[in-house]
Amino acid sequence: MAANAVETAVRTGRLTRALIYAALLVFAVYYLLPLFVMMVNSFKELDEIRGGNMLALPELVTVAPWIKAWNQAQIGVQPTGLAPYFLNSIKMVVPAVIISTLLGALNGYVLTKWRFRGDTLVFALMLFACFIPFQIVLIPMARVLGFLGIAGTTWGLVLVHVVYGLGFTTLFFRNYYAAFPTELVKAAQIDGANFLRIFYRILLPSSGPIIVVTVIWQFTNVWNDFLFGASFSDFDSQPMTVALNNLVSSSTGVKEYNVHFAGAILAAIPTLLVYIVAGRYFVRGLMAGAVKG
Amino acid sequence: MSFLVVSGLEKRFGAVEVLKGIDISVPRGGFLVLVGPSGCGKSTLLNTIAGLETVTAGEILIDGARVNELHPSKRDIAMVFQSYALYPNMNVAKNMSFGMEMRGVPRAERQQVVARVASMLQIEDLLHRKPSQLSGGQRQRVAMGRALVRDPKIFLFDEPLSNLDAKLRVEMRTEIQKLHQRLGTTVVYVTHDQIEAMTLATVIAVLKDGVLQQVGSPAEIYNTPANIFVADFMGSPSMNLVPARLDRANGALVVGLERADGSTTMLPLHRPSASVEAFVDRDVILGLRPESIDDTPAADADGAHRHPLEAHVEVTQPTGADTLAMIRLGGREAVARLRAETGARAGERRRFMVDMSKAVLFDPETEERL
């Protein structure tokens, strides 16, 4: 990898190099500025924010806004803070990610290793699902959830996200498994492994990179989703994003910017964590198959 | 009594006919090599024997029992794949014992069998490595080990040596041969390399476009090819195919080769078959192996079938063991295999001796041997 980098890098002079770094630095600052503002102001007293410079460091550091955002702020009827909604999101995201990833892997496995008449058409239709705007499925989905009797529940949201994510997860796994040698499947068949055994003994253990990609992708999308959360949840199943919106855009009382900032960061922490922990596999996984070795 | 019988086998993918009525049988302990150019259906045929492909028509018998409907794992076969197909997530020992695990063999016995086969193939040191940590030759050994632990009725090899470099390929070829001699298990082996076919096989089956061209021992295939395709495909350099005319001179059958100056060289046929008679005064194609043309003096022991011939030498190619000479014969380029220390030089006219005892004749229209 390092050798490759040396070979492919264009040799540049000191001045060009300095310009490149300067440009990169400007962009990095530009992108990090909002996070900086949120971070700094979430540790300030409200008065300090009102009276002063948004970019200044806090004169008096306080964690009160964080505590308030987490479990005291008035959201909906009760002053519960974001904590219960955080839990709602976890209860929704974890099963949705696991189920959609597993189903995507299974789909990819069947579409590449157990091909059947019309499999490309099926795949094309599933790909099509990636391009359907959220808004279009709202009403049909509401009907389906009502019919199944899981409207307004966390499981209803799980179903919505699994169905919506399936197009993407199938795409990821299909392309990954397309490069997976079919001879391995044949060898396992001769060894006497059946359909599911081949899947979880041979293919799944070799799917690390693409599982990471899919999990990051699905986790980020499901966690950050607002529209489905706002449309299909009840008070007791609202995800974090909806609660954050309710916190920030409530029309009564004082605008507590420091609490809002803290809440927004709280809402972003899980996706950040997932990306930091698994991120190095993300790029590797996206590149898998594109470059040999 | 044949151990493996393939009869009337047909395979169709949609409208494409890949195998068109294949009949082959191999005795117990035989070494069948399926050979042919790429796309001839040899790998498909192997896959149908393995059970990885279904058949459209026909029957496959192993040890007297019909296996058409049996799952690959129930046919008591083991297969070595071209890419070796080692499970990347398992170490060598796990790779070898996976099949036994699937069949419910107890752990202690699995370890015992793996240890025995590993020592036979000298891969004991590799048992705890992953396939990615092995060289090509080591992977090849492990792939064979995985087949060996099964102790199957038939070994199936799908171009097992084609991913190795030339030197290693020859080594592994010998190794496979020794293994076959030692175990005596029936083998079906697919290759596009005619040298592998000649050296390993007890029975060779030559395929082209899904049609079986000829089945026979290596000597039969080499000396009496059924048609021009087989003659051309087997042997390196391949057989010289020269347009000629069949005639009768002094009561004997002769083939006449046209020379550049318009005159004809007459070569008497050695023990012509009855079917040749019908071609008197007609065009034929004369097939001569390169080693049937040389430039040693006529006074050799079996000089009776050897006849002199003058030809123009275009180039010479010393290979070390012998020297190949490209000569003009009947208006075509032909190859002669000469001694290494031959005095033949490019550009000269030279006297060659043609050994007619191994010459074959083909019908130019049907391309079948006469």
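No lab work stands behind these numbers, since they all come straight from the coordinates. All values reported here derive from a predicted model rather than from experimental measurement. So basically every Cβ, Gly included, is an ideal-geometry build from the backbone, and we count neighbours across all protein chains shown.
Key figures for this structure:
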quantity: Chain A: most fluctuating residue of A:Gly104, A:Gly279, A:Gly152 per GNM, C-alpha cutoff 10 Å; calculated: A:Gly279
quantity: Exposure proxy order (Cβ contacts within 10 Å, fewest to most) of B:Lys130, B:Lys74; calculated: B:Lys74, B:Lys130
quantity: Percent of C-alpha pairs per 10 Å bin, segment A:142-242, short to long; calculated: 14, 33, 24, 20, 9, 0
quantity: Debye intensity ratio I(q)/I(0), log10, segment A:12-62, q values 0.16, 0.26, 0.31, 0.32 Å⁻¹ (C-alpha model); calculated: -0.56, -0.89, -1.07, -1.10
quantity: Net length gained if the chain between B:Val315 and B:Glu109 were fully extended (0.36 nm per residue, minus Cα distance); calculated: 67.9 nm
quantity: Distant-in-sequence amide H partners of B:Val18 (H built 1.01 Å from N, under 5 Å); calculated: B:Lys11, B:Arg12, B:Phe13
quantity: Segment A:12-62, dipole about Cα centre (Lys/Arg Cβ +1, Asp/Glu Cβ -1), debye to the nearest 20; calculated: 440 debye
quantity: Gaussian network model of chain A, Cα within-10 Å springs - most flexible of A:Thr241, A:Thr12, A:Thr214; calculated: A:Thr12
quantity: Segment B:2-62 versus segment B:256-327: alpha-carbon centroid distance in Å; calculated: 38 Å
quantity: Stokes-Einstein D for segment B:50-146, Kirkwood Rh over Cα pairs, 37 °C, 0.692 mPa s (µm²/s); calculated: 222 µm²/s
quantity: Segment B:2-233 - charge dipole about Cα centre, Lys and Arg +1 at Cβ, Asp and Glu -1, debye rounded to 20; calculated: 780 debye
quantity: Choice from A:Val212, A:Val110, A:Val61 showing the highest fluctuation, given a GNM over chain A with Cα pairs closer than 10 Å; calculated: A:Val61
quantity: Where labels lie 7 Å past Cα in the beta-carbon direction, separation of A:Ser250 and B:Glu367 in nm; calculated: 8.7 nm
quantity: Per-selection Kirkwood Rh - segment A:83-287 (Cα, Å, 1 d.p.); calculated: 18.6 Å
quantity: Computed E for A:Val26/A:Val277 - FRET, C-beta separation, R0 41 angstrom, nearest 0.05; calculated: 0.90
quantity: Estimated FRET transfer efficiency when R0 is 30 angstrom, pair A:Asp47-A:Ile265 (beta carbons, to 0.05); calculated: 0.90
quantity: Whichever lysines have a C-alpha closer than 26 Å to that of B:Lys178, once near sequence neighbours (fewer than 8 apart) are set aside; calculated: B:Lys42, B:Lys94, B:Lys153, B:Lys167
quantity: Value of [θ]222 nm, deg cm²/dmol, for chain A, DSSP H segments ≥ 4, -39500 (n - 2.57) each, nearest 500; calculated: -23000 deg cm²/dmol
quantity: For segment A:106-168 and segment A:202-230, distance of Cα centres in Å; calculated: 14 Å
quantity: Taking B:Val6, A:Val277 and counting other C-beta atoms within 10 Å, the order from fewest to most; calculated: A:Val277, B:Val6
quantity: Chain B, helix-only ellipticity at 222 nm - DSSP H runs n ≥ 4, -39,500 (n - 2.57), divided by all residues, nearest 500; calculated: -7000 deg cm²/dmol
quantity: Mean separation of Cα contacts under 8 Å, 6 or more apart, over the residue count of chain B: relative contact order %; calculated: 15 percent
quantity: Shape parameters for the protein assembly as shown, alpha-carbon atoms, Rg then Dmax in Å; calculated: 37.2, 127
quantity: Positive-end residue, the protein assembly as shown charge dipole about Cα centroid, Cβ charges, pick of A:Val259, B:Val16, B:Asn68; calculated: A:Val259
quantity: FRET E, pair B:Ser119, B:Gln181, Förster distance 25 Å, beta-carbon r, rounded to 0.05; calculated: 0.85
quantity: Coarse-grained scattering of segment A:31-96 at q = 0.24, 0.25, 0.28 Å⁻¹, given as base-10 log I(q)/I(0) from a Debye sum over alpha-carbon atoms; calculated: -0.97, -0.99, -1.07
quantity: Radius of gyration, Dmax [segment B:240-362; alpha carbons; angstrom]; calculated: 14.2, 43
quantity: Rough spin-label spacing in nm, given labels placed 7 Å along Cα→Cβ, for B:Asp281 and B:Thr202; calculated: 4.9 nm
quantity: Calculated from backbone phi, Karplus (6.51, -1.76, 1.60) coupling profile of segment A:101-110 in Hz, x at Gly/Pro; calculated: 5, 5, 5, x, 4, 5, 4, x, 4, 5
quantity: Karplus-derived 3J(HN,Hα), 6.51/-1.76/1.60, for each residue of segment A:253-266, Hz, glycine and proline x; calculated: x, 7, 6, 8, 4, 4, 5, 4, 4, 4, x, 4, 5, 4
quantity: Kirkwood-type radius of segment B:2-233, with distances r between different C-alpha atoms, in Å; calculated: 18.2 Å
